[in-house]
Amino acid sequence: MHVRESTIEQELIEKLGDLKYTLRPDIRDRASLERNFRDKFQALNRVTLTDAEFQRLLEEIVTPNVFKAAHTLRHRNAFTRDDGTPLNYTLVNITDWCKNTFEVASQLRINTDNSHHRYDVILLINGVPAVQIELKTLGITPRRAIEQVVEYKNDAGNGYSRTLLCFIQLFIVSNRDFTYYFANNNARHFAFNADERFLPIYQFASPDNSKINGIDAFADAFLAKCTLGQMISRYMVLVASEQKLLMMRPYQIYAVKNIVECIDTNLGNGYIWHTTGSGKTLTSFKASTLLKANPAIEKCLFVVDRKDLDRQTREEFNRFQEGCVEENTNTDSLVRRLTSDDFADKVIVTTIQKLGRALDSSRADYRQKLEPLRDKRIVFIFDECHRSQFGENHQAIKAFFPKAQLFGFTGTPIFEQNASYKRIEGDEQTLKTTEDLFQKSLHEYTITHAIEDRNVLRFHVDYYKPDGKHVAKPGELVAKRAVVEAILSKHDAATGGRRFNAILATASINDAIEYHQLFEQAQAGRQKVDPEWSPLKIAAVFSPPADVGADVKQLQEDLPQEQEDNKKDPEGKKAALKAIIARYNTRFRTNHRIEEFDAYYQDVQQRIKDQQFPNADLPMKGGEKVDVVIVVDMLLTGFDSKFLNTLYVDKNLKHHGLIQAFSRTNRVLNDTKPYGNILDFRGQQDEVDAAIALFSGAKADKAREIWLVDTAPVVIEKFKVARANLDTFMQSQGLSGKPDDIANLKGDAARAAFVEHFKQVQKLKTQLDQYTDLSAEQAQTIDRILPRDVLNSFRGAYLETAQRLRAQQDKPGESKNDHIDQLDFEFVLFASSTIDYDYIMKLIAEYSSKTPGKATMSREQLIGLIAGDAKFMDEREDISEYVRSLKAGEGLSERDIRLGYRDFKADKAARELSVLSERHGLPAGALEAFVETILTRRIFDGEQLTELLAPLNLGWKARTEKELALMGELLPLLKRRSGAREIAGLKVYED
């Protein structure tokens, strides 16, 4: 049944009336919005402003800077009245948000100089528009909905930057059955880049993590007046360093609420089971800052178990709130901050090691200084509590601070089944499970919940089976060589053509050293056979013997295998690591030393994260990146990078260690990263199944199907069905299933349907491309379903169709085609990480230099490859035309090809401008200079256009017509020649 948007809107307004909002049908335009705000402002601040003062107030507070507006909304501000007296004011009651007035306006129309928008529903807090609700009748893609809001905000002179709408904090989108929300932000955090990395878009949930989808239930749970006030005032974070607004996720909110309630009522200890990658640092930061305002709490310590996590956590805390925690360079500075009365020292981030030394019974000086805190209420929040709390430190804290409350965060709790720390002395058994240590669970958000919510990815596990009857045992040299060869063969597929990178987890430091040598040898051998083969950039990182420095000793305290390994032949391991670092220095042009191991370790981590940058944007054109990092214990816990997607495993893992290691690969990016890839060389399927069962929480019965992606045969069958559906659709349009026929589709509804059908085909192909366990027969089946050349032709047709439909989406006006308006093109699926401009030029040069039939690709294959890649959408016509103009075997070098293409484009542009200048009666040189100035400055200057047209001596009406006609023809040319770069000032002609 089709439900009209106006019906959904009216039902929502009635619901908000039931929630005691005041309905304001009279607020329909900017003037009535400002009148209402003025009344509320004057009542709250007990002041009556003159018209001139109110106008000046608006000028001071209205800003295009979303972060500045958000700060103004939450703080006390100063205003100078006309007579010079100061007025300290707030826009809302910031002490008790529940005591504000909450109102609803609908169909508010805001007209500014260049923008005319109407907003479905606006929620006003004390007259300030704080929430915008956009309603739809169709099942929508939330990403498309946010795009539409972004389009509104990007309009020149829009209401968000020129009126009180600058104070909007949250956007809510609903089609009645599904509801999403997201935070407002400045343009750099509120835009869509080529990789389609989106702002977080949320669905609200109940404490048991069940989704609250319908707008009616959402209003009850989220929009109740006090709740909405809390969401904005307590559970949004203003990240000062990035000028960015963050909205906490539902599970983070419930965890913070439960910690604060536990402290307020002094109900002992507790732990938060939130899976790896779910944002535990933000949750703990918010809990800490709320505790900072609690006068009953003397200190709040956030405790981590490694120096690198201490630094990382401090940086994160200070990112959320500038200067909120300082570094404790040593135990002395920790003790000084613990005993300080300075409010800035109320929240402290430290390592468990420094805390242990401060409480060490042999350090009477520290204990004497800390004695006044013994009977105070101190809160300890432990990150990854299962790592840092099994040992004497737990008892030392409880003994010295009997009134302390301890809270632990963990992604993988310790249960009876996976407890490894169990020591009995006399009649006393040492605490061993998370519950033993922290008494009770305060909130759970398991990896199962996170996968269902798409907050983390599922896993594809390939249990590698070597060929042959006599299989070598794991750890033997023959087995290691087989692992290296398998990685070299499978890495490009696993990482999406090196779009992502990988970690190789080894069983010991000796194994890591040997693997580094084996990669060097194997890759040198491959390059001898095939000089064109591009070797993987390999790095290795493991801790040196502890005598190198105190920093290393601290690092090793959570690296049990490395600590044990370094006891044997420490000098040999030190020499091997020096050699590895020297090789690293040569490859990456660095100057690291083993004596400064921490700097080397940080550099390796940064290179993994640098995978996010396109090669073309880097000084060494991608030479800075690392493909595989060999580790033993390091990086397998606590390290995050969205562009790491593969874990090669040649060590025994189980329980929480296995989940922690696997979870390095499953951070969400976009559809080019469909899952985390695991290649297990030790056949640990039983261990994987046991870990899944243990850490699934309430949904253990469905865990395998939630955690693991479908096997290759299942996805191949889906791929076959998707291709068949595409053919059936084409036949329904009276066409064959050939790519050439896409151009003959009639009507935008048919083109939109093609986009949806083929996008599904491409998604499944992207998924299959990263499967490392495809047999030769399965690969042939995939190619039979959709041969590579046909796929490229379809991709070209898709991009051409998508460009046409996207241009219609971008057109202004109210009467839009719903089919087109809701399309999400996901161009990132159609952009290869390996096929860039340099690669194409190299292929063209090869085509030119080799005789017909001998080149890697024919002319048509080359054109198909270019047409099917989204990176060349704006240039594919030119490149394809240039390729058609070349002769196979002509023998041009790559340099000749580049220069030839540059000249080809220049000649083509000159011919186009010559035709345009003749048609419009303008001097060719003047028109060319006008266009070049626009492209160089990337700014359209109206005055220069006036000068260009001046020699025609036109009246104002004829001049306007000529201007529009000329710019209408110049616009596509300017867009094509500027590539992806935006030209300021052209939007008025696009509209």
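A short reminder: the numbers here are calculations on the coordinates, not readings from a lab. Bear in mind that the values here come from a model prediction, so they are computed numbers and not experimental data. Glycine also receives a Cβ, built like all others from the backbone with ideal geometry; neighbour counts cover every protein chain displayed.
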### Message
What does the extension gain come out to for residue 7 and residue 377, with contour length at 0.36 nm per residue minus their alpha carbon separation?
### Response
127.8 nm
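Can you compute the FRET efficiency between residue 950 and residue 727 using 1/(1 + (r/R0)^6), with r the Cβ-Cβ distance and R0 = 51 Å? Round to the nearest 0.05. List each step's numbers first, then the result.
Details: r = 58 Å, r/R0 = 1.13.
Approximately 0.30, to the nearest 0.05.
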## Note on the structure
In segment 658-754, taking the dipole from +1 charges on Lys and Arg beta carbons and -1 charges on Asp and Glu beta carbons about the Cα centre, the listed residue (672, 752, 696) farthest towards the positive end is 752
### Query
If each of residue 46 and residue 472 carries a label point 7 Å out from its Cα toward its Cβ, how far apart are those two points in nm?
8.4 nm
### Query
Setting aside same-chain residues fewer than 8 positions from residue 765, which lysines have a Cα under 20 Å from its Cα?
490, 673, 718, 720, 738, 871
### Message
About the Cα centre, and with charges only on the beta carbon of Lys, Arg (+1) and Asp, Glu (-1), how big is the dipole of segment 451-709? Nearest 20 debye, please.
### Response
600 debye
### Task
Just name one of 685, 659, 519: the one whose Cα is farthest towards the positive end of the charge dipole of segment 451-709 (beta-carbon charges, Lys/Arg +1, Asp/Glu -1).
519
### Task
Between residue 454 and residue 83, take the C-beta separation as r, use R0 = 56 Å, and let me know the FRET efficiency to the nearest 0.05.
0.45
### Query
Residue farthest toward the positive end of the dipole of segment 895-990, with Cβ of Lys/Arg at +1 and Asp/Glu at -1: which of 945, 926, 984?
984
### Packing rank of 935-943, 203-211, where each peptide gets the mean count of other beta carbons within 10 Å, highest leading
203-211, 935-943
## Note on the structure
Two pseudo-spin positions, 7 Å from Cα along C-beta at residue 526 and at residue 336, lie apart in nanometres by 5.3 nm
### Summary
In debye to the nearest 20, the charge dipole size for segment 708-796, taken about the Cα centre with +1 at each Lys and Arg Cβ and -1 at each Asp and Glu Cβ, equals 220 debye
### Query
For the peptides 902-912, 167-177, what is the packing order when you average, over each peptide's residues, the other Cβ atoms within 10 Å and list the highest mean first?
167-177, 902-912
### Task
In debye, nearest 20, what is the charge dipole magnitude of segment 892-962 about its Cα centre with +1 on Lys and Arg Cβ and -1 on Asp and Glu Cβ, if you could check?
160 debye
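What order do you get for 643-650, 780-787 when each peptide is scored by the mean count of other beta carbon atoms within 10 Å, highest first?
On the way: 643-650: 25.5, 780-787: 15.2.
Answer by packing, highest mean first, reads 643-650, 780-787.
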